[in-house]
Amino acid sequence: MFLRICQSKLPQISLLKSLGFSRNVQIVRSLTNDGKQSFTRTARSRETISEKISKPSIGTATNIGKGAIAGGSALGLGALCFYGLGFSSESGIIDHAHIWPQYVKDRIHSTYFYTTASVASTVAAAAMALRSPVVMRAVASQSWLAIGVTIASLILSSSVVRSLPYEEGKFTMKHIAWLLHTAIVGTIFAPLYFMGGTLVLRAGIYTAGVVGGLSTLAVCAPSEKFLMIGGPLAIGFGVVFASSLATFFIPPTSALGSGLYSLALYGGLILFSMFLLYDTQNSIKKAETYPKYNMKGYEAYDPINNALHIYTDIINIFIRIFSILGGSSRK
């Protein structure tokens with residue numbers, strides 16, 4: 001009878017207890033547990049790498065990303081209060097503004113004029129693209145050819161703008177290339193409107209708040225506080241860029257895909273926020289140190305190129321805030 005019970009299922013062990021075979025119950029449990037553990041180890045050892053990659057996501061990466069954003073926001077707000085209220089022993093950029101010569105002030109004003117004009121040109125180009133069915137069909141295409149043309153046009157137009165010389169007080173080919181580049185960005189972003197005009201407006205308002213807060217922090221902080229993080233930012237950009245490319249090939253519903261997507265989304269938002277701090281202080285530093293007049297052997301100050309750095313940071317911050325808000329709305 002005992003042998004028959006040993007060969008049966010685990011729930012029938014309670015029958016042995018009623019017959020008084022307590023010692024035998026422990027033996028059966030031991031045998032059963034050992035068998036289950038052995039089976040589990042065997043199953044785990046047979047799990048391939050592709051199966052691990054394709055495991056469904058449980059939301060851990062997204063929660064970590066949201067936590068990182070919350071922590072970064074708290075840190076940024078604390079730093080803004082610390083430097084803005086004058087608790088730092090070092091003087092900030094805002095403390096030096098009253099001793100700037102007029103040409104430095106003009107350079108900074110020109111930089112932010114071109115930054116604001118870049119955003120306005122992007123919005124105008126997006127509105128015009130929405131009125132053209134031909135343009136919208138071309139932009140909304142998800143073929144590899146369309147994606148390749150989009151990336152190539154962005155890189156090429158940006159390179160052309162940066163390579164052309166800037167001539168103060170003249171409307172040159174550099175200005176035309178700059179307007180063309182911002183128009184390409186606006187055309188590419190035009191299909192976002194179909195996800196909801198209210199969503200685009202909310203993302204724009206949040207982006208304006210983030211950019212305003214970070215710009216204030218960069219001005220209130222010591223003049224070279226964020227210029228020392230250029231190396232780590234370059235490494236972080238490589239990681240975020242690689243993660244963004246990987247999301248084209250790995251489905252975001254898997255554990256690995258969810259992690260890469262969260263890294264590109266939430267990590268990218270933190271990264272480009274830090275880039276905005278760096279580029280703001282870098283532009284002001286160049287405006288202060290570059291020679292007043294164009295001299296042979298010295299690089300001239302170029303407000304359009306400096307504005308493009310800040311503009312690119314703003315665009316990357318906007319698209320990530322839009323994606324986060326869009327994901328929340330779908331949930």
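The values are calculated or read from the model by the stated rules, or taken from the named source; none is laboratory data. The shown structure was predicted, so the numbers you read here are calculated from the model rather than taken from an experiment. Here the Cβ positions follow ideal geometry from the backbone for every residue, glycine too, while neighbour counts run over all protein chains shown. We work out accessible area using only protein heavy atoms, side chains counted, and drop any ligands, DNA or RNA first. Shrake-Rupley method; radii C 1.70, N 1.55, O 1.52, S 1.80 Å.
Screening Tyr301 with (1) open to solvent by 20 Å² or more (accessible area, probe 1.4 Å); (2) modelled with pLDDT of 85 or more; (3) not in a loop (DSSP other than H, G, I, E, B) gives one miss only, at (3). When Asn63 is tested against the conditions (1) modelled with pLDDT of 90 or more; (2) over 24 Å from Leu192 (Cβ atoms); (3) not charged (D, E, K, R), the lone failure is (1). Selection of the stretch 252-280 for residues being part of a helix (DSSP H, G or I) and among the polar types (S, T, N, Q) yields Ser258, Ser262, Ser273, Thr280.
Quick one: count up the residues across the stretch 96-112 that are surrounded by fewer than 14 Cβ atoms within 10 Å (Cβ to Cβ) and under 13 Å from Asn306 (Cβ atoms). Within the stretch 96-112, residues that are surrounded by fewer than 14 Cβ atoms within 10 Å (Cβ to Cβ) and under 13 Å from Asn306 (Cβ atoms) number 1. Of the residues making up the stretch 166-216, those that are among the aliphatic types (A, V, I, L, M) and more than 22 Å from Ile319 (Cα to Cα) are Met173, Ile176, Ala177. Screening the candidates Pro222, Pro251, Pro232 for the property of being modelled with pLDDT under 80 and open to solvent by 60 Å² or more (accessible area, probe 1.4 Å) yields one hit, Pro251.
Residue count for the stretch 158-183, restricted to those that are open to solvent by 50 Å² or more (accessible area, probe 1.4 Å), in a helix (DSSP H, G or I) and in contact with a helix residue (DSSP H, G or I) (Cβ under 8 Å, 6 or more places away or on another chain): 4. Evaluated against (1) open to solvent by less than 20 Å² (accessible area, probe 1.4 Å); (2) under 17 Å from Ala120 (Cα atoms), Val200 falls short on exactly one condition, (1).
For the structure I just gave you, tell me whether Tyr261 is among the hydroxyl-bearing types (Ser, Thr, Tyr), out of contact with any helix residue (DSSP H, G or I) (no Cβ under 6 Å at 6 or more places or on another chain), more than 20 Å from Arg107 (Cα to Cα) and open to solvent by 50 Å² or more (accessible area, probe 1.4 Å).
Numbers: among the hydroxyl-bearing types (Ser, Thr, Tyr): yes; out of contact with any helix residue (DSSP H, G or I) (no Cβ under 6 Å at 6 or more places or on another chain): yes; more than 20 Å from Arg107 (Cα to Cα): yes; open to solvent by 50 Å² or more (accessible area, probe 1.4 Å): yes.
Yes; evaluated as a whole, the condition is true for this residue.
Under 7 Å by Cβ, and 6 or more places apart or on different chains, what pairs join a residue from the stretch 151-178 that is free of Cβ contacts under 8 Å to residues at least 40 places away in the same chain with one that is in a loop (DSSP other than H, G, I, E, B) and surrounded by 14 or more Cβ atoms within 10 Å (Cβ to Cβ)? Short answer, once both residue conditions are applied: Met173/Leu164; Ala177/Leu164. Only residues that are modelled with pLDDT of 80 or more and not in a helix (DSSP H, G or I) were counted in the stretch 70-122, giving 2. Note on the stretch 125-149: residues that are more than 19 Å from His181 (Cα to Cα) and assigned to a helix (DSSP H, G or I) amount to 5.
Let's see how each residue does on (1) within 16 Å of Phe189 (Cβ to Cβ); (2) open to solvent by less than 60 Å² (accessible area, probe 1.4 Å):
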position: Ala117; (1), (2): no, yes
position: Arg131; (1), (2): yes, no
position: Val139; (1), (2): yes, yes
position: Gly148; (1), (2): no, yes
position: Leu156; (1), (2): no, no
